Amino acid sequence: LINEMLGELMRLQIRSKDDKNARARRRLVMGLREVARGIKSHKVKMVIMADNLDEYGAIDDKLQEILDLAEKEDVPVFFELSKRRLGKALGKTIKVAVVGIYSADGAHPQYKQLQKIYLRAPRKAPPNTKD
C-alpha cells in the first residue's frame, strides 16, 4: 500500500515538472531536514520513516525532533520498509530515511486507507498528571 502510494506520488511529481500543463506542486519531500521543515510549516500530512534507522546513532536527535513535531501537530507516522526499499518505492537509487507527504492528490485511495489504519492503531496513553 505504501509502495503503491509513494510510487504514484513520485510519478505525478516528476510529471508535473516535465509537463507544462500539469500543476507544478510538490507532493512529497525526502530527508530529515526537509520533513522537519514541512511539519513546522504545517504542510506535511503524513510521515513515512524507514524501519532500520536505529542502526545509526548520529541522526537520533533529528529523528526525535521529527517524531515530537509530528505528535504535536497530530501528523501520522508510519515505520515501514527499509531505507533501501523506501528509496526504491520512490524510484530512486539512493537510500531514503524519511518521506513527508504534502499532498495525496493522485493517490488518494491509498492515503485514505493508511489514515484509517493509523486511526485504528493503539496510541500510548497520556502520562498521568496528579493535581
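Could you tell me which of the pairs LYS40/LYS88; LYS45/LYS116; LYS62/LYS95; LYS40/LYS62; LYS43/LYS112 are separated by over 22 angstrom between their Cα atoms in the structure shown? The partial results should precede the final answer.
On the way: LYS40/LYS88 27 Å; LYS45/LYS116 14 Å; LYS62/LYS95 17 Å; LYS40/LYS62 13 Å; LYS43/LYS112 17 Å.
Beyond 22 Å between Cα atoms: LYS40/LYS88.
What part of the accessible area of the range 43-105, given as a whole %, is carbon or sulfur when the probe is 1.4 angstrom?
Carbon plus sulfur share of accessible area: 47 percent.
The values are calculated or read from the model by the stated rules, or taken from the named source; none is laboratory data. What you see is a predicted model, and the numbers here were worked out from it, not measured in a lab. When the accessible area is computed, the model is the full protein with side chains, heavy atoms only, and any ligands, DNA or RNA have been set aside. Shrake-Rupley method; radii C 1.70, N 1.55, O 1.52, S 1.80 Å.
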